[in-house]
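A.B. asks: One structure, as structure tokens, below. Some questions next.
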Number of protein chains: 2
Amino acid sequence: MDIKKYKYQDRIFVSVDCIIFGFDGRQINALLIKRAFEPGKGKWSLMGGFVGKDEDVADAAARVLKQLTGLTDIYMEQLYCFGEANRDSARRVVSIAYSAFINIAEYNEQLSTEHQARWFPIHKIPSLVFDHKQMLKKAKEVMMEKVSRHPIGFELLPTKFTLSQLQSLYEAICETTFDNGNFAKKILSTNILKKMNEKERSSRKGAFYYVFDKINYERLQRNGIRFI
Amino acid sequence: MDIKKYKYQDRIFVSVDCIIFGFDGRQINALLIKRAFEPGKGKWSLMGGFVGKDEDVADAAARVLKQLTGLTDIYMEQLYCFGEANRDSARRVVSIAYSAFINIAEYNEQLSTEHQARWFPIHKIPSLVFDHKQMLKKAKEVMMEKVSRHPIGFELLPTKFTLSQLQSLYEAICETTFDNGNFAKKILSTNILKKMNEKERSSRKGAFYYVFDKINYERLQRNGIRFI
DNA sequence: CCAAAAGTGTTTCTATTACACCCATGT
DNA sequence: ACATGGGTGTAATAGAAACACTTTTGG
């Protein structure tokens, strides 16, 4: 297009919305905030905000997340662009959704203080503004697709974890159950776990803690080997 | 946000870019056009254009594709949003890329007449404007991911096709070769193909034509069963 | 000692791979 | 008749699933 041509085009508000999943040992949770402004003031919402004129969209996502929750250094991936003309009730806004998985315990300090974000189990999400429910749905779908091919999900656990905890996580994500024996064998066969000498003591026998073998973990992450 | 708050936000040009893949029997091709305007006038480019103020982003993609190539009724999927601040050399433009696979022969009439779009083998793509090369790269990656889990790729073939043609297509996409016997067995075991009584006659023996069994095809498409 | 969870071993079944071999036909 | 893909059969292997069984330890 001729440079002048740009003038005759419409400019549109572009926003980002952040979907943060966390695991509490039993179920997957999503982080939500109470909207501080109209439209939808007081309603629950994803963490969202506008993209600046000279700001990369991905940078905007990180900035907005930090402003609204205090969370920093979270690796978010672009999920989808929601571009229906009427998706925002007040104005035309095209929104790009980003999502990440984090370990709730690890980030809880950053979170709890000044900001009023709250975790909701993904099966008990309250009513949300605009099309945020649809965004969450899409994020869940992508998560389920992805989890079977990439060793994500570990990001949701503490550094040290037991095989049972890992299994519970996968069962929560995939909404199914696995044979505990087969699960252990399969995971261990990938060599992405290192066994510690320490045991977790909540059960009679006690389960050994494991940590990742970073190198093998990243190799698998790249190759996307099927491991569930 | 307070409605007034919108006023203080930046508005940004939003565009769409369309990536159309086609198969000619030997290799995968991408459709490109010569840009008619600055910046980048005369250079090769994906089919792109701006999103209107009251236009769904997905609708814009279909409109732009039609305007620039004549192609209609093509099912495009959203690929990715490219949002770097400096991706367009003239202005700030956030672009949402869409992609589709089509059968070259079937759409050739629609294409060839007035519009000057051209097919390029994906290993011989010329220099492209902006970040369009990166868009194509991303589209190829997603295609390769997807093709192994969903029976796409059939969209790239004529209605009637032989097992060899199908195999060539998959080999082109996956950049590998398959054992022809195993390939035939595996595809046939999915029951998504119906054998015709007609033979293609380019080889000595001649190969039977096949068509899809629509119902089983769509069932597989939904379930995403691994079939390569 | 026993219940309960952790973890290992064994067996069965299925899917994948490699590759031998038969088939149909134009030249 | 024979070379050339087209297509089927078979045996070896690897992986997944089912499930029995052993281990550990707090009560």
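A.B. asks: Taking the stretch B:50-61 only, how many residues are surrounded by fewer than 20 Cβ atoms within 10 Å (Cβ to Cβ) and in a helix (DSSP H, G or I)?
C.D. replies: 2
A.B. asks: Checking the structure you have, find out if any residue of the stretch A:104-126 is in contact with a Phe, Trp or Tyr (Cβ under 8 Å, 6 or more places away or on another chain), under 30 Å from A:PRO158 (Cα atoms) and either within 14 Å of another protein chain (Cβ to nearest Cβ) or of a type in the set (S, T, N, Q) (or both).
C.D. replies: No; the residues of the stretch A:104-126 include none that is in contact with a Phe, Trp or Tyr (Cβ under 8 Å, 6 or more places away or on another chain), under 30 Å from A:PRO158 (Cα atoms) and either within 14 Å of another protein chain (Cβ to nearest Cβ) or of a type in the set (S, T, N, Q) (or both).
A.B. asks: Just name the residue that is nearest to A:VAL93 (Cα to Cα) out of those in the stretch A:62-79 that are crowded, with 19+ Cβ neighbours inside 10 Å and touching a His at 6+ places or on another chain (Cβ under 7 Å).
C.D. replies: A:LEU68
A.B. asks: Exactly one of (1) away from every other protein chain (no Cβ under 13 Å); (2) part of a strand (DSSP E or B) is unmet by B:CYS81. Its number?
C.D. replies: The number of the failed condition is (1).
A.B. asks: Ok, one more. Please give the number of the condition A:PHE120 fails out of (1) in a strand (DSSP E or B); (2) within 16 Å of DNA strand C (Cβ to nearest atom).
C.D. replies: Result: A:PHE120 passes all but (2).
A.B. asks: Let me ask you something else. For the structure I just gave you, tell me whether B:HIS115 is closer than 27 Å to B:ALA30 by Cα, within 15 Å of the chain's Cα centre (by Cα) and assigned to a loop (DSSP other than H, G, I, E, B).
C.D. replies: Answer is no for this residue.
A.B. asks: Inside the stretch A:1-16, can you point out the residues that are within 7 Å of chain B (Cβ to nearest Cβ), surrounded by 14 or more Cβ atoms within 10 Å (Cβ to Cβ) and not in a loop (DSSP other than H, G, I, E, B)?
C.D. replies: A:TYR6, A:ARG11, A:ILE12, A:PHE13, A:VAL14
A.B. asks: Moving to a separate point now. Among residues belonging to the stretch A:153-194 that are without any contact (Cβ under 8 Å) to a residue 40 or more places away in the chain and aliphatic (A, V, I, L, M), point out the one that is surrounded by the fewest Cβ atoms within 10 Å (Cβ to Cβ).
C.D. replies: Among those that are without any contact (Cβ under 8 Å) to a residue 40 or more places away in the chain and aliphatic (A, V, I, L, M), it is A:LEU188.
A.B. asks: What number of residues in the stretch B:88-103 are more than 8 Å from every other protein chain (Cβ to nearest Cβ) and surrounded by 18 or more Cβ atoms within 10 Å (Cβ to Cβ)?
C.D. replies: 9
A.B. asks: Every residue in the stretch A:204-220 that is away from DNA strand C (no atom under 11 Å from the Cβ) and either surrounded by 15 or more Cβ atoms within 10 Å (Cβ to Cβ) or at pLDDT 90 or above (or both), please.
C.D. replies: A:VAL211, A:PHE212, A:ASP213, A:ASN216, A:TYR217, A:ARG219, A:LEU220
A.B. asks: For the stretch B:45-69, enumerate the residues that are in contact with a Ser or Thr (Cβ under 7 Å, 6 or more places away or on another chain), farther than 20 Å from B:MET143 by Cβ and in contact (Cβ under 8 Å) with a residue 24 or more places away in the chain.
C.D. replies: The answer is B:GLY49, B:PHE50, B:VAL51.
A.B. asks: Something else: So how many residues does the stretch A:22-46 have that are surrounded by 15 or more Cβ atoms within 10 Å (Cβ to Cβ), within 14 Å of chain B (Cβ to nearest Cβ) and in contact with a strand residue (DSSP E or B) (Cβ under 8 Å, 6 or more places away or on another chain)?
C.D. replies: 5
A.B. asks: Being away from DNA strand D (no atom under 16 Å from the Cβ) and either in contact with a Leu (Cβ under 7 Å, 6 or more places away or on another chain) or touching a residue at least 40 places away in the same chain (Cβ under 8 Å) (or both) is the filter; apply it to the stretch A:200-219 and report the residue that is nearest to the other protein chains (Cβ to nearest Cβ).
C.D. replies: Going through the qualifying residues, I end up with A:TYR217.
A.B. asks: Filter the stretch A:10-29 for residues that are of a type in the set (D, E, K, R) and closer than 27 Å to B:VAL57 by Cα and give the result.
C.D. replies: A:ASP10, A:ARG11, A:ASP17
Conditions (1) closer than 30 Å to B:PHE37 by Cα; (2) among the acidic types (Asp, Glu); (3) under 21 Å from the mean Cα position of the chain (by Cα), marked per residue:
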residue: A:GLY25; (1), (2), (3): no, no, yes
residue: A:LYS34; (1), (2), (3): no, no, yes
residue: A:GLU55; (1), (2), (3): yes, yes, no
residue: A:ALA58; (1), (2), (3): yes, no, yes
residue: A:ALA61; (1), (2), (3): no, no, yes
residue: A:GLY70; (1), (2), (3): no, no, yes
residue: A:ASP88; (1), (2), (3): no, yes, no
residue: A:ASN108; (1), (2), (3): no, no, yes
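A.B. asks: Let me ask something additional. Whether any residue in the stretch B:17-35 is of a type in the set (Gly, Ala, Ser), on the phi < 0 side of the Ramachandran plot and out of contact with any Leu (no Cβ under 8 Å at 6 or more places or on another chain) is what I want to check.
C.D. replies: Scanning the stretch B:17-35 turns up no residue that is of a type in the set (Gly, Ala, Ser), on the phi < 0 side of the Ramachandran plot and out of contact with any Leu (no Cβ under 8 Å at 6 or more places or on another chain).
A.B. asks: Take A:ILE19 and tell me if it is assigned to a strand (DSSP E or B), in contact (Cβ under 8 Å) with a residue 40 or more places away in the chain and surrounded by fewer than 20 Cβ atoms within 10 Å (Cβ to Cβ).
C.D. replies: no
A.B. asks: Considering only the stretch B:151-203, state which residues are within 15 Å of DNA strand C (Cβ to nearest atom) and assigned to a loop (DSSP other than H, G, I, E, B).
C.D. replies: Scanning the stretch B:151-203 gives B:PRO151, B:THR162, B:THR176, B:THR177, B:PHE178, B:ASP179, B:THR190, B:ASN191, B:ILE192, B:ARG201, B:SER202, B:SER203.
A.B. asks: For the stretch A:121-142, give me the residue count where each residue is more than 13 Å from the chain's Cα centre (by Cα) and either without any contact (Cβ under 8 Å) to a residue 12 or more places away in the chain or crowded, with 20+ Cβ neighbours inside 10 Å (or both).
C.D. replies: Within the stretch A:121-142, residues that are more than 13 Å from the chain's Cα centre (by Cα) and either without any contact (Cβ under 8 Å) to a residue 12 or more places away in the chain or crowded, with 20+ Cβ neighbours inside 10 Å (or both) number 5.
A.B. asks: Follow-up. Might you let me know whether the stretch A:147-161 holds any residue that is within 12 Å of DNA strand D (Cβ to nearest atom) and modelled with pLDDT of 90 or more?
C.D. replies: No: the stretch A:147-161 contains no residue that is within 12 Å of DNA strand D (Cβ to nearest atom) and modelled with pLDDT of 90 or more.
A.B. asks: Scan the stretch A:155-174 for residues that are among the charged types (D, E, K, R) and within 12 Å of A:MET143 (Cα to Cα) and report the count.
C.D. replies: Looking only at that region, the number is 0.
The values are calculated or read from the model by the stated rules, or taken from the named source; none is laboratory data. As the structure is a prediction and not an experimental result, all values here were calculated from the model. No Cβ is skipped: glycine too gets one built from the backbone with ideal geometry, and neighbour counts run over all protein chains shown.
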